Amino acid sequence: MCLAIPGKIVRIEGNTALVDFDGIEQEVIIALILNPEVGKYVIVHAGYAIEQMEEKDALEAIEQWKEIAEDQSLDLSDML
């Protein structure tokens, strides 16, 4: 099963970006995103940023993912 997790763009280099997932940083491909910007939130699936999202919505989703991880005795990094 693959999940789509929201994260914040920290740095952009060409078609890749460093994305922060609540303290866990990963390089992702941003070629599918129109006008990506540092500080904006994206949904990441299988290593690709597939959609931009509003900060409020992203923060709510991150909290929900953290609750799911806690209920399953997982760390958020286990879901990335």
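Residue pairs whose Cβ atoms lie under 7 Å apart, separated by 6 or more positions or on different chains, with the first residue in segment 59-80 and modelled with pLDDT of 85 or more and the second surrounded by 12 or more Cβ atoms within 10 Å (Cβ to Cβ) and part of a loop (DSSP other than H, G, I, E, B), are I62/D22.
Evaluation of K56 against the conditions (1) loosely packed, with under 12 Cβ neighbours inside 10 Å; (2) part of a strand (DSSP E or B) shows that the sole unmet condition is (2).
The values are calculated or read from the model by the stated rules, or taken from the named source; none is laboratory data. What you see is a predicted model, and the numbers here were worked out from it, not measured in a lab. Please note: Cβ atoms are built from the backbone with ideal geometry, for glycine as well, and neighbour counts cover all protein chains shown.
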